[in-house]
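This report concerns only the one structure given below.
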Amino acid sequence: VFADDEVKSVIEGESVTLNITVTEIKNITVIMWKFGSNESLIAKISKFGKITVYDNRLKLDNQTGSLTITNINTTDSGLYKAFITCSSSRKTTHT
């Protein structure tokens with residue numbers, strides 16, 4: 001797993017956490033995690049703490065925005081992106 005210049009080794013059946021670097025979580029209005037080349041929405045959190053996940057193996061941390069995938073398998077391989085929107089209308093992406 002590659003994330004922000006960090007490399008992690010993951011074995012099938014384990015869990016992996018994809019972290020994002022956020023300096024001011026209080027200014028974030030939405031974090032959307034997307035997966036694959038078609039960027040399918042897999043998890044979302046709003047500033048009001050409403051969390052939506054589209055797979056029961058996903059957990060989204062409401063304090064950090066990090067995404068944890070449990071019981072990982074080969075079908076989970078691919079590109080993950082976190083799209084972050086701030087109250088200042090500024091948008092950033094972490095891959």
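Between Ser46 and Thr70, what's the calculated FRET efficiency when r is the beta-carbon distance and R0 is 30 Å? Round to 0.05.
Numbers: r = 23 Å, r/R0 = 0.76.
With R0 = 30 Å, the Cβ-Cβ based efficiency is 0.85.
Here the gap between Arg57 and Ile11, fully extended at 0.36 nm per residue and compared with their Cα-Cα distance, gives a gain of 15.0 nm.
Every number in this text was worked out from the coordinates using simple rules, so none of it is lab data. None of these values were measured; they are calculated from a predicted model. With ideal geometry, Cβ positions are generated from the backbone for all residues, glycine too; neighbour counts draw on all protein chains shown.
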